[in-house]
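Visitor: I have a structure here, written as structure tokens, and I will follow up with some questions on it.
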Amino acid sequence: MKLGIIGLSGAGKRTVFEALTKNFQTDRTGESRIGTIYVPDQRVDVLSGMYNPKKTIYAQVEYFLPGIPAHGQGKKPEQNISALVRDCDGLIHVLRNFKGFDTKGPAPFDDFLKLDQDLVFDDLVVVEKRMERIELDKKRGKKIDQQEFLLLTESLKSLENEIPLRKNSDIASAHILKGFAFVSGKPVLVLFNNEEDNDEEDDDAFPDVGNLKSREDCMVMRGKLEHELAQMSDEEAKVFLSEFNIHESAMDRVIKRSYELLGLISFFTVGEDEVRAWTVKKGIKAVDAAEVIHSDIKKGFIRAEVISYKDLMDAGTYNNAKKHGTVRLEGKNYEVCDGDIINFRFNV
């Protein structure tokens, strides 16, 4: 899964990207950058301690920082952002909430509306072009896909009213519209980038942004501070967090929220060879989750031997859980839950 980091110039996108991925770069080439990171999950750590496997594999998320045109190319950094992030599964919208080099103070609410409406406009252009093509096909007597036409008509109304498509779940999740990769239909995490010397005990002080917090998925961080933390050793970072009474790095929270934003959950496979977190969409059936591991497992699916992480912890061992009856056999249509530990029985 891939999340694009967007925002107006000066919002701190590069700082956030580097703090997340620990992919530091001193020279600003203007090229797009991508980083793959592990999703922090204490459950994986505990399971690895129980089974002592040869390999421990965490769930992963990709973060994408769109390239910024070099100075003098005549383009603003936010231009053409839609084209660069259309293949992303979700977006992190970074908003400046710190003093910049100019004399103006931060205006995160206005900044959010500006870029968000740019995304809406870009989608509007795409829909209008497609609708023009459909009308032309109708005049030529060609058969049109009625479902696509109705959904595009609804999309057009929403976009003309400056409403992003993510606010309409039927449109945002419509398989028939997937090829359009509407940018305003992607889930968004709004990230307020606060001053480093925030006087609050933690960095959860939101700016005054009206009803934005109730409309969007929002969180706050101090990008510059987190960037410095990311360059420390694990031991140094622990000491720093302890001294400032910070219980969890904001970056860990961003990663977890990113994962949740995309509607993702983790199930686990365990054993002496490997303890692994597998990433799947919430609501997935057991037979489809099996395919994530290998297509042969889906093809020869017999049963899924399932225990929840909580039940395993309560039992202490897998054998004890079996004695307590908390290990279950589930069929193809079982809906996998976050934290399930699954052993797939199959025959090919």
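The values are calculated or read from the model by the stated rules, or taken from the named source; none is laboratory data. Fair warning: this is a prediction, and the values are worked out from it, not measured in the lab. Every residue, glycine among them, receives a Cβ derived from its backbone with ideal geometry; neighbour counts consider all protein chains shown.
Visitor: Can you confirm whether Ser266 is under 23 Å from the mean Cα position of the chain (by Cα) and surrounded by 14 or more Cβ atoms within 10 Å (Cβ to Cβ)?
Guide: yes
Visitor: Here is a list of conditions, (1) touching a residue at least 12 places away in the same chain (Cβ under 8 Å); (2) surrounded by 11 or more Cβ atoms within 10 Å (Cβ to Cβ), and Gly210 meets all of them except one; can you say which number that is?
Guide: Unmet condition: (2).
Visitor: Also: Does the stretch 277-292 hold any residues that are more than 21 Å from the chain's Cα centre (by Cα) and either in contact (Cβ under 8 Å) with a residue 24 or more places away in the chain or crowded, with 19+ Cβ neighbours inside 10 Å (or both), and which are they?
Guide: Lys285, Ala286, Val287, Ala290
Visitor: Within the stretch 173-180, is there a residue that is at pLDDT 90 or above, basic (Lys, Arg) and touching an Asp or Glu at 6+ places or on another chain (Cβ under 8 Å)?
Guide: No, that holds for no residue.
Visitor: While we're looking at this one, here's another question. Can you report the number of residues in the stretch 299-314 which are surrounded by 17 or more Cβ atoms within 10 Å (Cβ to Cβ) and touching a strand residue (DSSP E or B) at 6+ places or on another chain (Cβ under 8 Å)?
Guide: 7
Visitor: How do the pairs read when you match residues in the stretch 332-346 that are within 15 Å of Ile293 (Cα to Cα) and in contact (Cβ under 8 Å) with a residue 60 or more places away in the chain with residues anywhere that are of a type in the set (Val, Ile, Thr) and in a loop (DSSP other than H, G, I, E, B), using Cβ under 7 Å and keeping only pairs 6 or more apart or on different chains?
Guide: If the second residue must be of a type in the set (Val, Ile, Thr) and in a loop (DSSP other than H, G, I, E, B), the pairs left are Val336/Ile284; Ile341/Val270.
Visitor: Taking the stated definitions as given, is Lys167 without any contact (Cβ under 8 Å) to a residue 60 or more places away in the chain, surrounded by fewer than 16 Cβ atoms within 10 Å (Cβ to Cβ) and more than 21 Å from Asp87 (Cα to Cα)?
Guide: Spelling it out, it is not the case that Lys167 is without any contact (Cβ under 8 Å) to a residue 60 or more places away in the chain, surrounded by fewer than 16 Cβ atoms within 10 Å (Cβ to Cβ) and more than 21 Å from Asp87 (Cα to Cα).
Visitor: Then there's this: From the list Leu189, Leu150, exactly one residue is modelled with pLDDT of 90 or more and surrounded by 14 or more Cβ atoms within 10 Å (Cβ to Cβ). Which is it?
Guide: Unique residue meeting the criteria: Leu189.
Visitor: Hey, another quick one. Could you say which residue among Glu162, Glu195 is of a type outside the set (S, T, N, Q), on the phi > 0 side of the Ramachandran plot and touching a residue at least 24 places away in the same chain (Cβ under 8 Å)?
Guide: That would be Glu162, the only listed residue that is of a type outside the set (S, T, N, Q), on the phi > 0 side of the Ramachandran plot and touching a residue at least 24 places away in the same chain (Cβ under 8 Å).
Visitor: For the stretch 37-52, give me each residue that is modelled with pLDDT of 95 or more and surrounded by 18 or more Cβ atoms within 10 Å (Cβ to Cβ).
Guide: Arg43, Val44, Leu47, Ser48
Visitor: Tell me which of these Leu229 doesn't satisfy, since it passes every other one: (1) at pLDDT 85 or above; (2) under 30 Å from Leu113 (Cβ atoms); (3) crowded, with 17+ Cβ neighbours inside 10 Å.
Guide: Of (1) at pLDDT 85 or above; (2) under 30 Å from Leu113 (Cβ atoms); (3) crowded, with 17+ Cβ neighbours inside 10 Å, only one is false for Leu229: (2).
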